[in-house]
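Remarks on the structure that follows.
Just so you know, all these numbers are worked out from the coordinates, no wet-lab data involved. The model shown is predicted, which means the values in this text are computed figures rather than measured ones. Ideal geometry is used to build each Cβ from the backbone, glycine not excepted, and the neighbour counts take in all protein chains shown.
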Amino acid sequence: AAPVLSDAQLAQFDELGFVLLDTDGLVSPAWLDEAEATWDRLKDGVEHPNNTASAVERTTDEGYARAVSHPLFEGAAKQILRSDSVRLIEDGPHIREPAATMGRDAGDDDFDAAKSWAHGCHIDWQVTESGFLATPRRDLCAIWMWLNDVPAERGAM
């Protein structure tokens, strides 16, 4: 298969730790429409601490399986990790609420740690320089796919 990322994009990843990929021409409008419709279907009415569709629903939904198994994701991950094979270890789509409805920052007077964690806080993964420079890389590769616009009021992504 043809490489997903150019040499310049891989160099940017090595320097900055991220790369943005314009999916025009890499995924069809029909695929994007199905992925967005699948997410809308899975998140509607689902009660979950992180506003995500439940793992059970995701594993049984054919549209969701088609979305996360697009060859674009595997190809980009293989290049970034310098590996002949990669594994999907987490596939949690999520929606981030506006900051006004979340737990706010720890310095705020009305900070609520439990509410903040319930809306998607995380613990960072640490990688050593030797792990990052290794071939294959000893690291995780997070790939985010926006299915709709991310306006400024949604916060930094």
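Give the peptides 75-87, 134-146 in descending order of average Cβ contacts within 10 Å, highest first.
Values: 75-87: 15.8, 134-146: 12.6.
Ranking the peptides 75-87, 134-146 by packing returns 75-87, 134-146.
Amide H neighbours of ARG82 under 5 Å, counting only residues 5+ apart in sequence or on other chains, H built in-plane at 1.01 Å?
Residues meeting the amide H criterion: ARG137.
Per-residue HN-Hα couplings for region 5-10, Karplus 6.51 cos²θ - 1.76 cosθ + 1.60 at θ = phi - 60°, whole Hz, x for Gly and Pro?
Result, ordered by residue: 9, 7, 4, 5, 5, 5 Hz.
Report the net charge of residues surrounding GLN9, where surrounding means a beta-carbon distance below 12 angstrom and charges are Lys +1, Arg +1, Asp -1, Glu -1. Write out the running numbers ahead of the final one.
On the way: positive: none; negative: ASP7, ASP14, GLU15, ASP22.
Taking every other residue near GLN9 into account, the sum is -4.
Between GLU153 and VAL27, what is the spin-label point distance in nm, taking each point 7 Å from the Cα along the Cα→C-beta axis?
With each label point 7 Å from Cα toward Cβ, the separation is 2.5 nm.
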